[in-house]
Amino acid sequence: MNGIFPAKLKSRFRNMVCILLSLVLTVSVAVPVMPVAALTIGDINNDGQINMMDSALLFAHVSGARILAEDKLPACDINGNGTVDMMDALFLFSVASGQRDFPTTTTTTTTTTTTTTTTTTTTTTTTTTTTTTTTTTTTTTTTTTTIPTTTTTKVGLTPVDPNNYYGRQLLVALSDSKFVNAYDYLDEQFKSLSTNITMYQFGLTLPQFEKVLRYYHLDHPEVFWMTLSYNYRYYTLNNKEHIYDFTQAYEFSASQIGTYQAQLEARADQLLEGITDAMPPAERERIVHDRLVLAANYDTTKVAKNTHNLLGVMLSGTGVCESYARSFQYLMYRCGIRTVIDAGTVSAGEYHMWNEVELGNEWYVVDVTWDDPVFTPAMPEYIGYSYYNITTERLRASHTAKPTYSHFDAAYQISYPVPTCTATSENYEMSKAVTVTSFDVAVMAPAVAESILKEEVVVFRPTGGYTLAKLESDLRNAQKHWELIDAVNLLLPSDRRLTEPMYVLNINETYGLLSVYLRNKS
């Protein structure tokens, strides 16, 4: 409102102020809330109490019935946004009348993201997690900086409308506008680098605030400067704790963000070169998947710069699973494909992050990290597809999704329900599979030769009693190995023939497939 009201509304507020003043002066009822030594905001008359007299004075000021002295105004700015208006007056009235508590508690919350490392035939994971919670008292200030903006539209591609991001749509489905309004408000605040952000106007409980904040964070990989470290204050209403405001920490300065944004856009344009809206979504996705795998190296040290945000993989070509997942999400957005971040555990409980993509109104699981195994030094050009457009059922063979988050306690767990993926039509391995009933070189050699020329994997589906275990055993048998190699070399040009070949084998027991990547050793 910013202190501007219609005449009728002003009249009503003047009447309210007169009534409040009358009650305070004739009945002399005071509701002490906070001693002035602990908190001066709200104690407008500086008598050491926050009561109905303070509320009446503030109502009189914002309605124009009385103008307070300049030295009183700092105590009137209840929400700390630099403006004294009716929002401040209404909140102070609810405090003075005992309807809610004044926000007095500040909590600092910090999270770190866990990572996963993969190898050729087995998966090894390493995880380090640190969570620190402390209680302190802060004096809040408001700092707003407009960061440089760059375009996220590449000629020939129509990006996903941010209004359709998955997390935001989950909030829309709640049928309560306060959630989406808070989400959009946070978007404005984070992109202007606001440090002290008022939230009481939305009336969100602490779990509701955490939900909105987490959904936003999972939706926006491009806001790479945002962290999940913040101080918050809350008030109590109807025996529930509600968010009042919070102080947000950022990873980079405004100038650093501008530099990184320009570099990010340029790198994204390189990775998206030649991709257009005219291509089927699945083809766009495949190109991005392959280019990202080839461009990135998994950070086995876990200490590389920006290893947990998309800048690591996008700009340095090095990152952990979160950097892979956020980079893939960002590029898919640019390609007009809705994408979700999913998270959980793998192997012996190590945390991990991957994606789901929407193709033709169907959802598929994609784990770019696990399609980019760590080879040292052999065949860095290998692209796996064992975790490309798979189903949730297939994922469960190695991953356990646990998309719940909380900075508070167990009662505040935040659910992030990702789609259940059941479609198989865009699964790469199933669409490319060559059916074999035995170790038949006449059938297998042409498929292998084609895969070498296209620098792809070849996928076999053993049937008719010929099992995955038998096929794998045959491929590892030295005599049959060279029998196949000799047949393949007859079909290849002289400069592509295999002399010292190496297999990469991946078994997909869920679909009954075995993928083979066959190249000369480096």
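Listed here are the pairs 191/211; 211/302; 432/470; 470/521; 211/240; 432/454; which of them are more than 22 Å apart at the Cα?
Exceeds cut-off: 211/302; 470/521.
What FRET efficiency comes out for the pair residue 450/residue 175, r = Cβ-Cβ distance, R0 = 45 Å, nearest 0.05?
Computed FRET efficiency for residue 450 and residue 175 comes out at 0.30.
So how do 308, 217 rank on accessible area, 1.4 Å probe, biggest first, that is with the largest at the start?
In descending accessible area the options line up as 308, 217.
Give the calculated FRET efficiency between residue 521 and residue 463 to the nearest 0.05, with a Förster radius of 56 Å applied to their Cβ-Cβ distance. Display every interim value, and only then the final one.
Numbers: r = 31 Å, r/R0 = 0.56.
That pair, residue 521 with residue 463, gives E of 0.95.
Taking a 1.4 Å probe, which of 210, 472 shows the most accessible area, and what order do the others take after it?
Largest accessible area first, the list is 472, 210.
For the stretch 50-95, what is the charge dipole size about the Cα centre, in debye to the nearest 20, if Lys and Arg each add +1 at the Cβ and Asp and Glu each add -1 at the Cβ? Kindly include the intermediate steps, with their values, before the conclusion.
Numbers: 2 positive and 6 negative charges, 28 e Å.
So the magnitude is around 140 debye.
Quick check: the distance between the Cα centres of the stretch 156-201 and the stretch 378-398, to the nearest angstrom?
32 Å
Between the stretch 250-291 and the stretch 310-360, what's the alpha-carbon centroid distance in Å?
So the separation of the two Cα centres works out to 13 Å.
Given a 1.4 Å probe and heavy atoms of the protein chains only, how would you sort 486, 43, 184, largest accessible area at the top? Provide the component values of the computation, followed by the final result.
Values: 486 90, 43 10, 184 50 Å².
Correct descending sequence by accessible area is 486, 184, 43.
Taking H as built 1.01 Å from N, whose amide H comes closer than 5 Å to the amide H of residue 241, not counting residues under 5 places away?
Those qualifying (amide H under 5 Å, at least 5 residues apart or on another chain) are 206.
Only sites in a loop by DSSP and with at most 12 other Cβ atoms within 10 Å count here; which chymotrypsin sites (Phe, Trp or Tyr not before Pro) in the stretch 186-253 make the cut?
Here no chymotrypsin sites (Phe, Trp or Tyr not before Pro) fit, given the DSSP loop and packing criteria.
Just name one of 353, 311, 363: the one whose Cα is farthest towards the positive end of the charge dipole of the stretch 254-398 (beta-carbon charges, Lys/Arg +1, Asp/Glu -1).
The listed residue farthest towards the positive side: 311.
Suppose the chain between residue 249 and residue 188 were pulled fully straight at 0.36 nm per residue; how much longer would it get relative to their current alpha carbon spacing?
Taking residue 249 through residue 188 to full extension adds about 20.4 nm, to one decimal.
Tabulate in residue order the Karplus-calculated ³J(HN,Hα) for the stretch 221-228, using 6.51 cos²θ - 1.76 cosθ + 1.60 with θ = phi - 60°, rounded to whole Hz; enter x for Gly and Pro.
For the stretch 221-228, the Karplus curve yields x, 6, 8, 6, 7, 6, 10, 9 Hz.
The values are calculated or read from the model by the stated rules, or taken from the named source; none is laboratory data. If you're wondering where the values come from, they're calculated on a predicted model, not measured in any experiment. Methodologically, a virtual Cβ is constructed for each residue, glycine included, from the backbone with ideal geometry; neighbour enumeration extends over all protein chains shown. With ligands, DNA and RNA removed, areas are computed over all heavy atoms of the protein, side chains included. Shrake-Rupley method; radii C 1.70, N 1.55, O 1.52, S 1.80 Å.
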